[in-house]
Amino acid sequence: MPYLKKGRRLILSVVAVLLATIIGVLAGSYLTLDNSPSRAAREAGIIVLPNSRELPALQLASTAGTVQDTQALTGRWRLVFFGYTFCPDICPTTLAELRQLKKLLPAKTQENMQIMMVSVDPNRDSAEQLKLYLEYFDPEFVGLTGELADIQTLSNALSIPFIPGDTSKPRYTVDHSGNLAIISPDGRQYGFVRAPLDVKKLAEHLPGIMQQ
């Protein structure tokens, strides 16, 4: 009997060692995966959706002088920001950072990407007003404006909602996010970029994403 007990203990010890080894290997594999480019992208503020999202069918006025069908935002990658020209802080800061980001990106990525701002204040932001505002930061930045209900539909679909301003007040503000939506060349939402923007990290990781 003592020999049987010793044998069982030995078997249990060996099993325990094997389980510890397996768990260690699995944990190592997980950490290796977690140190993958996807983790680095997340640390840069880039969130890729498990499944891309279709955009709602809307018609918005573009600073390019055309009517933009939101389901026709195809052919290029797009970073979409929701803001307004009377914004005292988030918008000028974000647009200045996007201008800096664009300069840091390789020429090929710049050619394949468009930065777009959708106005959350269509009461004051005509296409002309929006165009003048964006040209201050970069003449290639594109703006969209339109009916408030349509803009809210788009922002909610992209999970970047905002609270409309009280237009009865002369100097009203609009509560909105500094997050960006990433639209892929197939015209679907690919993911997000979290605010505040880390320009250097984004410049490092966006080119790899935009080659996919």
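The values are calculated or read from the model by the stated rules, or taken from the named source; none is laboratory data. Just so it is clear, the model here is predicted, and its values are computed rather than measured. Here the Cβ is made from the backbone with ideal geometry for all residues, glycine too, and neighbour counts use every protein chain on show.
Can you confirm whether residue 73 is over 19 Å from residue 205 (Cβ atoms) and out of contact with any Lys or Arg (no Cβ under 6 Å at 6 or more places or on another chain)?
Details: over 19 Å from residue 205 (Cβ atoms): yes; out of contact with any Lys or Arg (no Cβ under 6 Å at 6 or more places or on another chain): yes.
The answer is yes for residue 73.
I need the full set of residues from the stretch 179-212 which are farther than 15 Å from residue 48 by Cα and crowded, with 20+ Cβ neighbours inside 10 Å, in order please.
197, the sole residue that qualifies.
Within the group 150, 121, which residue is surrounded by fewer than 20 Cβ atoms within 10 Å (Cβ to Cβ) and in the same structural domain as residue 88 (by TED's automatic domain parsing)?
Values: 121 fails: surrounded by fewer than 20 Cβ atoms within 10 Å (Cβ to Cβ).
None of the others qualify; the one that does is 150.
Can you name every residue in the stretch 53-76 that is among the small types (Gly, Ala, Ser) and in contact with a Leu (Cβ under 9 Å, 6 or more places away or on another chain)?
61, 62
Any chance you could count how many residues in the stretch 183-205 are basic (Lys, Arg) and either free of Cβ contacts under 8 Å to residues at least 24 places away in the same chain or assigned to a loop (DSSP other than H, G, I, E, B) (or both)? Step through it out loud before you land on a result.
To start, the set of residues in the stretch 183-205 that are basic (Lys, Arg) comprises 188, 194, 200-201.
Checking the rest, the ones that are also either free of Cβ contacts under 8 Å to residues at least 24 places away in the same chain or assigned to a loop (DSSP other than H, G, I, E, B) (or both) come to 194.
Total satisfying the criteria: 1.
Among the residues of the stretch 157-166, is any in the same structural domain as residue 71 (by TED's automatic domain parsing), crowded, with 19+ Cβ neighbours inside 10 Å, under 14 Å from residue 91 (Cα atoms) and of a type outside the set (Asp, Glu)?
yes
Within the stretch 35-88, track down each residue that is in a strand (DSSP E or B), hydrophobic (A, V, I, L, M, F, W, C) and more than 27 Å from residue 147 (Cβ to Cβ).
Across the stretch 35-88, the qualifying residues are 46, 47, 48.
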